[in-house]
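The values are calculated or read from the model by the stated rules, or taken from the named source; none is laboratory data. Predicted model only: the values in this text are computed from it and were never measured. Here Cβ is always computed from backbone atoms with ideal geometry, including for glycine, and neighbour counts include all displayed protein chains. SASA here: full protein model, heavy atoms, side chains in, ligands and nucleic acids out. Shrake-Rupley method; radii C 1.70, N 1.55, O 1.52, S 1.80 Å.
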Amino acid sequence: VQELVGGGDFGMLVEGREALVDISWRRFYLEQVLSAIEFIHSNNIVHGDLKPSNILLTSEGLVKIIDFGCAMELSQDSAFLSSVEFQGTADYVSPEVIRGGLLLHPFTIDLWSLGCLVSFSFLGQSPFHSSTDAITIQSVVDYANDECPICKPFKWTFPHPNVPANDLIQKLLHPSPEFRLGAADDVSNGKTYSSIRSHDFFSNVI
């Protein structure tokens, strides 16, 4: 028997609302997603497949993260994963997972997905979304192979200008995991992703 979560999922929430100028509802729900990520990571778990359909909402508007089928547990004495095979969903998977092999910053897999979710809340789709998974994956690889991505303007535009959102997405989608926003934060023992929470996008969360 599982808990009844009757408010739909994040994708259903965004559908039809992505073009709205108001961003307070985005902040409200994405801050909850961030809180869930903090809790998961504080227990040395990487979710590995954060996407709209895996973020359910109660009738009161509370976020519930589901589907830990791709989750990875880090050992207490190791902060990296020695190897990883491709898993997750093409639209939300990070470039280092696509490449496989050693992961020195495994928590940032979920932070990449968070960046895609922020973009999804404005566009109604992942910034890398294409007609097929293969093309989507190639789009992620091409972005990660950019010679100087941090020095160039963000590649995707929103239906309306929102500078904090653009900046947050660009920092969460840094191709190099060690430079991704939140990579240097310690989320052990109840600590938070302070660098993400202090970002302008999350100011004035309800």
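Taking the residues in region 72-91 that are under 13 Å from GLY101 (Cβ atoms) and crowded, with 16+ Cβ neighbours inside 10 Å as candidates, determine which candidate is modelled with the lowest pLDDT.
It comes out as LEU81.
Check off (1) within 20 Å of TYR193 (Cβ to Cβ); (2) at pLDDT 85 or above for ASP67 and give me the number that stays unchecked.
All conditions pass for ASP67, except number (1).
Give the residue, chosen from GLY48, GLY69, GLY61, GLY8, that is among the small types (Gly, Ala, Ser) and open to solvent by 60 Å² or more (accessible area, probe 1.4 Å). Spell out how you get there, then give the answer.
Working: GLY48 fails: open to solvent by 60 Å² or more (accessible area, probe 1.4 Å); GLY61 fails: open to solvent by 60 Å² or more (accessible area, probe 1.4 Å); GLY8 fails: open to solvent by 60 Å² or more (accessible area, probe 1.4 Å).
Residue meeting the stated conditions: GLY69.
Please verify whether ILE109 is modelled with pLDDT of 90 or more and either over 18 Å from TYR29 (Cα atoms) or loosely packed, with under 13 Cβ neighbours inside 10 Å (or both), treating the condition exactly as stated.
yes
Looking only at region 11-20, filter to residues that are among the aliphatic types (A, V, I, L, M) and part of a helix (DSSP H, G or I); which one of those is least open to solvent (accessible area, probe 1.4 Å)? Steps first, answer last, please.
So the first thing to find is which residues in region 11-20 are among the aliphatic types (A, V, I, L, M), and the list is 12-14, 19-20.
Now narrow it down to the ones that are part of a helix (DSSP H, G or I): 12-14.
Values: MET12: 119, LEU13: 26, VAL14: 2 Å².
My answer is VAL14.
Do we find a residue being assigned to a loop (DSSP other than H, G, I, E, B), modelled with pLDDT under 90, out of contact with any Pro (no Cβ under 7 Å at 6 or more places or on another chain) and closer than 23 Å to SER53 by Cα anywhere in region 147-158? Lay out the reasoning, then the answer.
The first filter runs over region 147-158 and keeps only residues assigned to a loop (DSSP other than H, G, I, E, B), leaving 147-148, 152-158.
Cutting the leftovers down to modelled with pLDDT under 90 gives us 147-148, 152-158.
Now narrow it down to the ones that are out of contact with any Pro (no Cβ under 7 Å at 6 or more places or on another chain): 147-148, 152-155, 157-158.
Subset that is closer than 23 Å to SER53 by Cα: 158.
Looking for residues that are assigned to a loop (DSSP other than H, G, I, E, B), modelled with pLDDT under 90, out of contact with any Pro (no Cβ under 7 Å at 6 or more places or on another chain) and closer than 23 Å to SER53 by Cα, one finds at least one in region 147-158, hence yes.
Which pairs do you get when a residue that is within 18 Å of ILE37 (Cβ to Cβ) and without any contact (Cβ under 8 Å) to a residue 60 or more places away in the chain, found in region 173-185, comes within reach of a residue that is not β-branched (Val, Ile, Thr) and not in a loop (DSSP other than H, G, I, E, B), reach meaning Cβ atoms under 9 angstrom, with the pair 6+ apart or on two chains?
Every condition considered, the pairs that remain are HIS174/TRP112; HIS174/GLY115; HIS174/PRO149; ALA184/GLU178; ALA184/SER195; ASP185/SER194; ASP185/SER195.
Of all residues being part of a loop (DSSP other than H, G, I, E, B) and of a type outside the set (Val, Ile, Thr) in region 1-10, which is modelled with the highest pLDDT? Just the residue, please.
Residues of region 1-10 that are part of a loop (DSSP other than H, G, I, E, B), as a first pass: 1-8.
Those still in the list that are of a type outside the set (Val, Ile, Thr) too: 2-4, 6-8.
Numbers: GLN2: 75, GLU3: 83, LEU4: 84, GLY6: 85, GLY7: 88, GLY8: 93.
Top of the filtered list is GLY8.
If you go through region 177-206, how many residues are at pLDDT 90 or above and either among the hydroxyl-bearing types (Ser, Thr, Tyr) or closer than 15 Å to ARG27 by Cα (or both)?
11
Go through (1) modelled with pLDDT of 85 or more; (2) out of contact with any His (no Cβ under 9 Å at 6 or more places or on another chain) and name the single condition LEU103 misses.
(1)
Here's a check for you: in region 21-44, which residue that is in contact with a helix residue (DSSP H, G or I) (Cβ under 9 Å, 6 or more places away or on another chain) and not in a helix (DSSP H, G or I) is most open to solvent (accessible area, probe 1.4 Å)?
If we take residues in region 21-44 being in contact with a helix residue (DSSP H, G or I) (Cβ under 9 Å, 6 or more places away or on another chain) and not in a helix (DSSP H, G or I), then ASN44 is most open to solvent (accessible area, probe 1.4 Å).
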